[in-house]
């Protein structure tokens, strides 16, 4: 999958198209991602330990990975992702527009 956790992405389709946010979680089996403050849905919850009050809670719903595009850190534009193997043997993701490495060093 071209999208990883903590990537900045832009939403391409749906009611939140044009919004940007950070990827909170990647659901690889469903090909979906959770993006911070995007695709908010209302969930009616009973009182429990986490929500002692209960009531209507807003939370993020997953977005299909085909409807998001990674934003490059250097050029700041939404871009497609290229893959390259470095001389050290490590696989990295590259920005198709400027050629910058998208993967953060750990």
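Here is the figure for segment 63-79: residues that are surrounded by fewer than 17 Cβ atoms within 10 Å (Cβ to Cβ), more than 12 Å from residue 11 (Cβ to Cβ) and in contact (Cβ under 8 Å) with a residue 24 or more places away in the chain total 3. Looking only at residues in segment 86-95 that are free of Cβ contacts under 8 Å to residues at least 40 places away in the same chain and either surrounded by 13 or more Cβ atoms within 10 Å (Cβ to Cβ) or part of a strand (DSSP E or B) (or both), the one that is farthest from the chain's Cα centre (by Cα) is 91.
Every residue, every condition in (1) touching a strand residue (DSSP E or B) at 6+ places or on another chain (Cβ under 6 Å); (2) modelled with pLDDT of 95 or more, yes or no:
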| residue | (1), (2) |
| --- | --- |
| 50 | no, no |
| 57 | yes, no |
| 61 | yes, yes |
| 65 | yes, yes |
| 71 | yes, yes |
| 81 | yes, yes |
| 88 | no, no |
| 99 | no, no |
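Determine which member of the set 3, 26 is in contact (Cβ under 8 Å) with a residue 60 or more places away in the chain and closer than 26 Å to residue 77 by Cβ.
Working: 26 fails: in contact (Cβ under 8 Å) with a residue 60 or more places away in the chain.
That would be 3, the only listed residue that is in contact (Cβ under 8 Å) with a residue 60 or more places away in the chain and closer than 26 Å to residue 77 by Cβ.
With the structure loaded, tell me whether residue 32 is closer than 15 Å to residue 6 by Cβ, in contact with a strand residue (DSSP E or B) (Cβ under 9 Å, 6 or more places away or on another chain) and surrounded by 10 or more Cβ atoms within 10 Å (Cβ to Cβ) or whether it fails that test. Spelling it out, it is not the case that residue 32 is closer than 15 Å to residue 6 by Cβ, in contact with a strand residue (DSSP E or B) (Cβ under 9 Å, 6 or more places away or on another chain) and surrounded by 10 or more Cβ atoms within 10 Å (Cβ to Cβ).
The values are calculated or read from the model by the stated rules, or taken from the named source; none is laboratory data. Every value quoted in this text rests on a predicted model; they were computed, and no experiment measured them. Every residue, glycine among them, receives a Cβ derived from its backbone with ideal geometry; neighbour counts consider all protein chains shown.
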